[in-house]
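Remarks on the structure that follows.
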């Protein structure tokens, strides 16, 4: 290794120390020391080999989704020795990436990229996520959010290694994270690091070595892998950033639009009477939801209506919603919001949620808590191609393969479009009991039958 590359760790340390404190805290700039990086890489690689006796790592991928100056990737290169593997790193900080390129040379694919926005998978995913509270995030600490995202990047049969505070293992406030993130990660071993392993970071840390559960068996193409609404699916909370709406007793004539309702399924209200205005200082509960007031998102009413199903609306319009709604923002832009709106609107999904929900009722209507919604196991439904939609349109409902995610997404999108058409008619007619209107019955029967097949497939 050249002298220039040997100098990179000290350059990274200098950059870390000279970064303004507020920016350093915001980005979680605490670079991984080489000795810690070597421990992470060697232990993760050893775990991978124990899962694949006699197999070579030749041609496989090591990924660091928030690579910083490239310490973990460099450690992986040292651990691999002459084995020709692909090193992939992404980070949002251009200066850090410059150091990573200097350290790794042409062997690595290092580019600007957000760890929370999806990207290429890895057979070995190594990550030292940023720590600290992000007021706009749903998780108590950023390391949970980044751990959740890294979990989605592990290739089948792969290994995930995460540097994290020790407190996640026993802290009461991390109970939800343990259930939703660490549990599905399949933690195999914990390596506790000595105090002071990270200079200037006053947190006791550990390395979690994980083997996520293998996806359900199916055709070889990843996009066609079997995935249904069952325990082997993906948690909805892993696919969507979710928040409850706000409580603001005083609606104003100025500020951000506030949706008051009523809302017809699949239809964004057009009448001015459905909205008020709200200022941030008037919000009593749910201030974090103010950051989710724009962009593509799915709104889900938390009360099961008279038709025993969830009311869902997809919107791009700028507005906040009351606490009766949950806001779901896709973590991956390739996800099909109309398909998820249709899926969550189905009667069998509502029945499952109501049956497992221990929360409460409101005026004899069952309520679904946000925690329970996040824990719902769902297939990964990406935006289908026009060819997928054309193919599905030519089939009878019973002939559509519910275990083909693209076919299922295409069918659900087509149903959602038809549902929006019916909803808009009912909205124009100002139908009072929308859920009880007979024009929904045939359409909803088709949806329920299709989703019921997904539940049992």
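Of all residues in the range 302-318, those satisfying the criterion of being surrounded by 20 or more Cβ atoms within 10 Å (Cβ to Cβ) and either modelled with pLDDT of 90 or more or farther than 19 Å from residue 451 by Cβ (or both) are 302, 312, 313, 314. Residues in the range 409-431: is at least one under 20 Å from residue 262 (Cβ atoms), free of Cβ contacts under 8 Å to residues at least 12 places away in the same chain and assigned to a helix (DSSP H, G or I)? Checking the range 409-431: at least one residue is under 20 Å from residue 262 (Cβ atoms), free of Cβ contacts under 8 Å to residues at least 12 places away in the same chain and assigned to a helix (DSSP H, G or I). A count restricted to the range 91-114 and to residues that are crowded, with 22+ Cβ neighbours inside 10 Å and closer than 19 Å to residue 146 by Cβ stands at 4. Just so you know, in the range 61-90 the residues that are under 25 Å from the mean Cα position of the chain (by Cα) and at positive phi include one that is surrounded by the most Cβ atoms within 10 Å (Cβ to Cβ), and it is 70. For residue 117, are the conditions met, namely being in contact with a strand residue (DSSP E or B) (Cβ under 7 Å, 6 or more places away or on another chain) and more than 19 Å from residue 207 (Cα to Cα)? No. Within the range 249-290, restricting attention to residues that are without any contact (Cβ under 8 Å) to a residue 60 or more places away in the chain, assigned to a loop (DSSP other than H, G, I, E, B) and in contact with a helix residue (DSSP H, G or I) (Cβ under 7 Å, 6 or more places away or on another chain), the residue that is surrounded by the fewest Cβ atoms within 10 Å (Cβ to Cβ) is 250.
Within the range 192-215, one or more residues are in contact with a strand residue (DSSP E or B) (Cβ under 8 Å, 6 or more places away or on another chain), over 14 Å from residue 128 (Cα atoms), at pLDDT 75 or above and surrounded by fewer than 15 Cβ atoms within 10 Å (Cβ to Cβ).
The values are calculated or read from the model by the stated rules, or taken from the named source; none is laboratory data. Everything quoted here is computed from the prediction, not taken from an experiment. No Cβ is skipped: glycine too gets one built from the backbone with ideal geometry, and neighbour counts run over all protein chains shown.
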